[in-house]
Amino acid sequence: MSLRAIRLESLLDTPEAYGSTYEEATIWSDDRWRAVARQWHFYLAERDGEVVGMVSGGLNDYVPGTHWMYGMYVSPSSRGTRVATQLVEATCDWAIGQGGDSLYLHVTESVTRARSFYDKNGFRSTGATITMDRDPSIRLMTMVKSLA
C-alpha cells in the first residue's frame, strides 16, 4: 500500500512532526491502514512512478466548521520541486469544494523548514499553540490560509 510506505518514511524522517510514531504505525494491520485511508481525504504525489509525498484534508472535532491539512510530507529527493505546493493546492481545492473559506494546519515549532514553506505559501500564524498529545514537550503552531 502506497500510503503505508510514504507514511512510514515520513515517521522515520521527521518523527517530531506527526501524532503517531513509526513504532506504532509498523504494527498496524492492513484493516487499520484501510480505515485510516477512508477517514481522511488523502492526496499522494508521484514522481517517475514512485510515491514521493502525501497530505490529507479533514475536519477538526475541536474546532467545528473548520477545514484542516494534516500529515504533509515530501521525500527528501523531491523537496525543492513543486510537489509540496501541488499537495497544498490539492488540499485547498478539497476545502473549497467542501465550502471552506480557510485552511488550517498545525506545524511543529522546531521544524523550521516546514514553517518557512507554509509562510511562503500564504499560511499565517494565528498566534495559537498547542502541545502534541503523544509528547507534550512538542509544541505545535496553528497556521491558517485564507481561501477566499
Just checking, how many residues over the stretch 108-139 are touching a residue at least 60 places away in the same chain (Cβ under 8 Å), part of a strand (DSSP E or B) and among the hydrophobic types (A, V, I, L, M, F, W, C)?
2
Taking W68, is it part of a helix (DSSP H, G or I) and either among the aromatic types (F, W, Y) or over 16 Å from M54 (Cβ atoms) (or both)?
no
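Please pick out the residue among Q98, Q86 that is within 25 Å of R4 (Cα to Cα), of a type in the set (S, T, N, Q) and surrounded by fewer than 19 Cβ atoms within 10 Å (Cβ to Cβ).
Exactly one residue qualifies, and that residue is Q86.
Only one residue in S137, S78, S116, S146 is among the polar types (S, T, N, Q) and either surrounded by 14 or more Cβ atoms within 10 Å (Cβ to Cβ) or in contact with a Phe, Trp or Tyr (Cβ under 6 Å, 6 or more places away or on another chain) (or both), so which one is that? Write out each step before concluding.
Working: S137 fails: either surrounded by 14 or more Cβ atoms within 10 Å (Cβ to Cβ) or in contact with a Phe, Trp or Tyr (Cβ under 6 Å, 6 or more places away or on another chain) (or both); S116 fails: either surrounded by 14 or more Cβ atoms within 10 Å (Cβ to Cβ) or in contact with a Phe, Trp or Tyr (Cβ under 6 Å, 6 or more places away or on another chain) (or both); S146 fails: either surrounded by 14 or more Cβ atoms within 10 Å (Cβ to Cβ) or in contact with a Phe, Trp or Tyr (Cβ under 6 Å, 6 or more places away or on another chain) (or both).
Sole residue among the options that is among the polar types (S, T, N, Q) and either surrounded by 14 or more Cβ atoms within 10 Å (Cβ to Cβ) or in contact with a Phe, Trp or Tyr (Cβ under 6 Å, 6 or more places away or on another chain) (or both): S78.
Just need a number here: residues in the stretch 21-65 that are exposed (fewer than 10 other Cβ atoms within 10 Å of the Cβ), of a type in the set (S, T, Y) and under 30 Å from D101 (Cβ atoms).
Of the residues in the stretch 21-65, the ones exposed (fewer than 10 other Cβ atoms within 10 Å of the Cβ) are 23, 27, 29-31, 38, 48-49, 61-62, 64-65.
After this cut, where a residue has to be of a type in the set (S, T, Y) as well, the list is 29, 62.
If we keep only those that are under 30 Å from D101 (Cβ atoms) as well, we get 62.
Qualifying residue count for the region: 1.
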If you go through the stretch 1-50 one residue at a time, how many are outside any helix (DSSP H, G or I), in contact (Cβ under 8 Å) with a residue 40 or more places away in the chain and not small (G, A, S)?
6
Candidate set: the stretch 42-67, residues that are at pLDDT 95 or above and of a type in the set (S, T, Y); chosen: the one nearest to the chain's Cα centre (by Cα):
S56
Selected residue (only one of Y104, Y70 is more than 15 Å from Y43 (Cβ to Cβ), modelled with pLDDT of 95 or more, within 12 Å of the chain's Cα centre (by Cα) and not β-branched (V, I, T)):
Y104
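The values are calculated or read from the model by the stated rules, or taken from the named source; none is laboratory data. Keep in mind that this is a model prediction, so the values were computed, not measured. We place every Cβ from the backbone using ideal geometry, glycine too, and count neighbours over all the protein chains shown.
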